[in-house]
1. Any idea how many residues of the range 110-126 are among the β-branched types (Val, Ile, Thr) and either assigned to a helix (DSSP H, G or I) or touching a strand residue (DSSP E or B) at 6+ places or on another chain (Cβ under 8 Å) (or both)?
2. Report the residue count in the range 127-144 for those that are part of a helix (DSSP H, G or I) and under 13 Å from residue 12 (Cα atoms).
3. Yes or no: the range 91-114 includes at least one residue that is among the aliphatic types (A, V, I, L, M), in contact (Cβ under 8 Å) with a residue 12 or more places away in the chain, buried (at least 18 other Cβ atoms within 10 Å of the Cβ) and out of contact with any Leu (no Cβ under 7 Å at 6 or more places or on another chain).
4. Say whether the condition of being in contact (Cβ under 8 Å) with a residue 60 or more places away in the chain, outside any helix (DSSP H, G or I), surrounded by fewer than 18 Cβ atoms within 10 Å (Cβ to Cβ) and not hydroxyl-bearing (Ser, Thr, Tyr) is met by at least one residue in the range 57-78.
5. Among what's in the range 126-167 and is of a type in the set (Lys, Arg) and closer than 30 Å to residue 76 by Cα, pick the residue that is farthest from the chain's Cα centre (by Cα).
6. Would you call residue 31 over 27 Å from residue 109 (Cα atoms) and either touching a residue at least 12 places away in the same chain (Cβ under 8 Å) or touching a Cys at 6+ places or on another chain (Cβ under 8 Å) (or both)?
Amino acid sequence: MHPEVFAPSTGKLVMMSLCTFGLYVPYWFYRNWQAISDQEGGDIWPFWRAVFAPLWGFSCFPRLNSYVSSRRRQLAFPPLVLALVFFLLNFIANLSMFFPRNIGKNLWVIGLFTFVPLLPMNSLMRSYQQSLRMDMRRQDRLLVWHILIILFGGLLLLLGLAGIFLRG
C-alpha cells in the first residue's frame, strides 16, 4: 500500500503559507504525519508533531523521503538539511522577542518563509503521486475558505509589509 501523502500544488502551498502567516505549514505537517501514522501505525500523534514541527521535521522529512525513494525518486537536498533549514528559519523568526525593538522588529518577516524548505519535499511527493497516477485534484483545488483566506490574509500581509517598508 502506498501512503497518500499531502502534497498540494506549489502555488497553493506558497499562497496559503504566506496568507496564513505560516499557519498552513503546521497543517502540511499534520496531514503528512497522519499519512505516516496510517502507513506505520503505532503511537504517532500527528497534532502534537505538527505543533512542534520545527523539532519533528528531523523525523518527518526522512520518513517521507523513504516512502518516495522506493519509487526511484530523488530529493535534491538531504532530508536532514531541509529539516535543519526549517528549524533555523523558525528559530530566527522567533528571535525578535529577545532583541530590542529597533533590531528585532522585522525578524517576523523571515517567519513568512518557513515554507521554503517544504517546497523540495512537496515537489518530490507530487512526482511520487503522479508516478502512481493518484488523483491530486482534491489537494490542488481552492475551496471558498481557501480563497477567503488568500484575500483577507493577503491584504493583511500587504498592509504589514507596507508598514515596514513605507515607514518614513
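1. Narrowing the range 110-126 to residues among the β-branched types (Val, Ile, Thr): 110, 114, 116.
Now narrow it down to the ones that are either assigned to a helix (DSSP H, G or I) or touching a strand residue (DSSP E or B) at 6+ places or on another chain (Cβ under 8 Å) (or both): 110.
Summing the residues that are among the β-branched types (Val, Ile, Thr) and either assigned to a helix (DSSP H, G or I) or touching a strand residue (DSSP E or B) at 6+ places or on another chain (Cβ under 8 Å) (or both) in the range 110-126 gives 1.
2. The total comes to 4.
3. No, the range 91-114 contains no residue that is among the aliphatic types (A, V, I, L, M), in contact (Cβ under 8 Å) with a residue 12 or more places away in the chain, buried (at least 18 other Cβ atoms within 10 Å of the Cβ) and out of contact with any Leu (no Cβ under 7 Å at 6 or more places or on another chain).
4. Yes, that holds for at least one residue.
5. For the range 126-167, the residue satisfying everything is 133.
6. no
Every number here is computed from the coordinates shown, using simple stated rules; none is lab data. Model, not experiment: these values are computed from the prediction. Cβ atoms come from the backbone with ideal geometry, glycine included; neighbour counts cover every protein chain shown.
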